[in-house]
Amino acid sequence: MQQACEVIVDIAHANVDRLFTYLLPEGLTLPAGSHVLVPFGSGKKPREGFAIRVFEYDASDAVQSAEQPAVTLKTILRTLEPYPILTQEQIELAYWMQKSYHCLIVDALRLMIPAQMRGGKVREKIERTVQLRDIDQAEEMLASLLDKSGKPRSPKQYEVLELLVKAKTEFSVSDIAAYIPGASSAISALIKRGYLVEGGHVTFRRPDFTTLSPEKHVTLSQAQQQAVEAIASAQTAKEGTLLLHGVTGSGKTEVYMHAIERCLALGRQAIMLVPEISLTPQTVGLFRERFGDEIAVLHSRLSAGERFDEWRRIRLGKARVAVGARSAVFAPMENAGLIIVDEEHEPSYFSEVTPRYNAIEVAAHRAKSFGAPLVLGSATPSLLTYYRAQSGRYQLLELPERVQNRPLPQVEIVDMRAEFQAGNNGIFSGRLVQLLSECVEQNRQAMLFLNRRGYSTFVSCRSCGYVVQCDNCDISMTYHKGENRLRCHFCGAVKPLPSKCPQCGKAFIKYFGIGTEQVEEQLNALFPNTVTLRMDTDTVRTKDSMQQMLGAFARGEAQFLVGTQMIAKGHDFPNVTLVGVVAADATLMIPDYRSTERTFQLLTQVAGRAGRDENPGRVVIQTYSPAHPAIRFAKTHDYKSFYHYELEQRKKAVFPPFSLFIRILFSGDDEAALQQSVTQYSSELQKALFDRLGANAEKDILLYSASPAPIKRKQGEYRFQILIKLLRTARLSDAIQTIYTFAGDHRSELFAMVEVNPQDML
């Protein structure tokens, strides 16, 4: 009897997204989860794949008949790594994702390994070393390098050899080269002479994360201690979802670290997710101080080598705590005892590319599989999460006060309508300028928030009203003064700035709206003797730029930090005593039922950056809608009142959590053909839904609409959508399954995706 295995071939196509059986070569031991190379197709082209199951294969048991002759199985060519790259839990997770998100199994499996691992684009790093061939002959070797006068004939060779003689141990070539510039050629020459021997060992490329603020000895408050004990009880019970709701600056991170300490003490592993890459340096710095090399970091800004090695450290058990952004939820752990999702309200936990997964749902599934609690943390939990906590599905833990009873910052609302009427048409109110001046005088720091990058949000003709739009997308282009050109923030297309209106030909082109680039410029004009840093996707494109900028600000090398939502949460800068929100209305106008919730969250989070040390903080929110509930409740840091207000509004409109939205998106380059296809698809799907739900369909389906997407054209393709709103009843799962099944049975090149409660309604 011979061993065989079932393999998922690494080809992202629905027709081959299934198990293929291969024989194992004689003498090969292959655990499930191995990365293998197999012959595939009639041409037997070598393809990578994932071994899912290994079993004993008896050829005599194979079904054969005249209609179904015996199949000759191909043999696996070789394994690609000396250890299985997938755990059994990850294999099961992939099948759960296939069912939950209606994706290909191979697409789910790809999420669980570093992308560059496929195709062998990244490998283990071998640290080259050298040492003396014979320590007993060291003096003779040194003497042979001297001339008759006693001077080295080759000073570099002599210096290298002398170093190794004194050290009497192995040295890495890179360390020698760092100590002795230009040593490489000297080392090669000494090897040829037979004085040195080469060696090497596998090493790990580690990302350089430094602590932005030194850790202080922390005594837990009573509320923090109660939270730690509640999480400990859940760890003992090996189950449960807990919501840690704490005001900004209440010490949630300290609670996380105490919980992780206990987890490690129990001999288990932990995963901690943070929403933004920008939070990772500070978080990892703090965690490294506490846990040392037990920490591994996983996120997209690492180099391919660093990401591979951090993943490998986890897989080989050399790191027991994974910290990172969304993708870290797939960390290759076998015994996780705790999963934490910080800032759980963040939309960045939802994948925007296939497979379109929800990292919090994945975390919940993994926690259940491991027998581990899931901790969700936020100062502004999503309305759905808090609703579940209020209904008893989650255990609610509260941190109602800042650490050391520090006061929450005082928030002022500035009505920009009144500023305009008073003759101020600038981007800063008089009050904000006053407080910025005080910051400069007192040598304090300030952060200014505006969730729009660029210089001006659009360019228009004052004569005819023409707005410069992207040729590929249904959106206006943003002016970037530093580049002196227009840029589309959807597809990245650029245009030169027109000197005349392309439509009417008149020279009345003017910039409108403000972005972070303009805020930075105006700050520099108001305070020419200060340093301003700007953090947005235009300024942090390189691998380490974000860390360097945050580090410079933490060290006090800049007075002001201007940024988008990158700066709105998670950062702890003791010297920041002022936060200015330049335009609080920007997110209120987005056509999304969550715009009020997200505005409140952003304002509360950014306000929480002020006054996190001994000096009290102040916040100025500039707005044209000072009476809006999101702004009123943010002023008083009153999450619970906001929650009850917003929940009532959702209930009246039958919006989530009282219903569920499903969005089916289509795209294509032919608008007429796309519209025709969507119309037919919509009609047939509607019939299928009504057939499945029967007499209750009209009650369960609150909205069924087929129309162009709010942004009709994106990246050169037209977009149409079917939007369905379903009442939460016992038949909800039947409706969802019908929609997904229909989508699977009616695949076409125009079909894009199905989303449940989409995070982006545009």
Inter-part distance where segment 522-585 and segment 304-379 are each reduced to a Cα centre, Å | 28
Starting from the Cα-Cα distance between Thr354 and Glu671, subtract it from 0.36 nm times their residue separation and give me the gain in nm to one decimal.
-> 111.8 nm
Decide, for segment 617-762, between rounded, prolate and oblate: order the square roots of the alpha carbon gyration tensor eigenvalues as a ≥ b ≥ c, take rounded if a/c falls under 1.5, and otherwise choose prolate if a/b is larger than b/c, else oblate.
-> oblate
What distance in nm separates the simple spin-label points at Ala12 and Ala697, each placed 7 Å from Cα in the Cβ direction?
-> 3.5
Under 18 Å from a point 7 Å along the Cα-to-Cβ line of Leu762: which residues of segment 543-579 have their amide N that close?
-> 564-567
Would you calculate the separation in nanometres between label points at Lys125 and Glu557, each defined as 7 Å from the Cα along the Cα-to-beta-carbon direction?
-> 2.3
For Asn405 and Ala232, compute 0.36 nm times the residue count separating them, minus their Cα-Cα distance, and round to one decimal in nm.
-> 59.8 nm
Show the residues, 5+ positions off or on another chain, whose built amide H is closer than 5 Å to the amide H of Ser382.
-> His345
Given only helices, namely DSSP H runs of n ≥ 4 each adding -39500 (n - 2.57), what is the per-residue ellipticity at 222 nm of the chain, to the nearest 500 deg cm²/dmol?
-> -10000 deg cm²/dmol
Can you tell me the dipole magnitude for segment 261-397 around its Cα centre, using point charges on the Cβ only (Lys, Arg +1; Asp, Glu -1), in Debye to the nearest 20?
-> 420
Mark the label point 7 Å from the Cα of Ser144 along Cα→Cβ and return the residues of segment 167-196 whose backbone N is within less than 14 Å of it.
-> 189-196
Once Asp175 and Asp734 are pulled to full extension, the length gained, defined as 0.36 nm per residue separation minus their Cα-Cα distance, is 194.9 nm
Cross-link reach list, aspartates and glutamates versus Lys368, counting only Cα pairs under 15 Å and skipping chain neighbours closer than eight places | Glu89, Glu92, Glu239, Glu334
Could you give the size of the charge dipole of segment 123-201 about its Cα centre, using +1 on the Cβ of each K and R and -1 on the Cβ of each D and E, expressed in debye and rounded to the nearest 20?
-> 300
Please state the relative contact order of the chain as a whole percent: Cα pairs under 8 Å, 6+ residues apart?
-> 10
Which residues' amide hydrogens lie under 5 Å from the amide hydrogen of Met753, considering only partners 5 or more residues apart or on another chain, with H built in the peptide plane?
-> Leu665
The ³J(HN,Hα) series, computed from each phi in segment 25-33 with the Karplus coefficients 6.51, -1.76 and 1.60 at θ = phi - 60°, rounded to the nearest Hz and given as x for glycine or proline, is x, 4, x, 8, 9, 10, x, 4, x
Shape of segment 658-701 from its Cα gyration tensor (a ≥ b ≥ c, root eigenvalues): rounded if a/c is under 1.5, otherwise prolate when a/b > b/c, or oblate?
-> oblate
Charged-residue dipole, Cβ positions (Lys, Arg, Asp, Glu), the chain about Cα centre, Debye nearest 20 | 1100
Give me the distance in nm between label points sitting 7 Å out from Cα along the Cα-to-Cβ direction at Leu316 and Asp58, one decimal.
-> 4.1
In terms of modelled amide H atoms, which long-range or inter-chain residues lie less than 5 Å from the amide H of Tyr57?
-> Gln2, Gln3, Ala4
Enter the per residue convex hull volume of the chain, computed from alpha-carbon coordinates, in Å³ rounded to the nearest integer.
-> 248
Which whole-angstrom value gives the distance between the alpha carbon centres of segment 73-93 and segment 460-506?
-> 51
Which lysines have a Cα lying under 18 Å from the Cα of Lys687, excluding residues fewer than 8 positions away in the same chain?
-> Lys699, Lys725
Could you name the lysines in cross-link range of Lys156, using Cα to Cα under 20 Å and dropping any fewer than eight places away on the same chain?
-> Lys148, Lys166, Lys168, Lys192
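Laboratory data are not the source of any read-out in this text; all were calculated from the coordinates shown. All values reported here derive from a predicted model rather than from experimental measurement. As a convention, Cβ positions derive from the backbone with ideal geometry for all residues, glycine included, and neighbour counts pool all protein chains shown.
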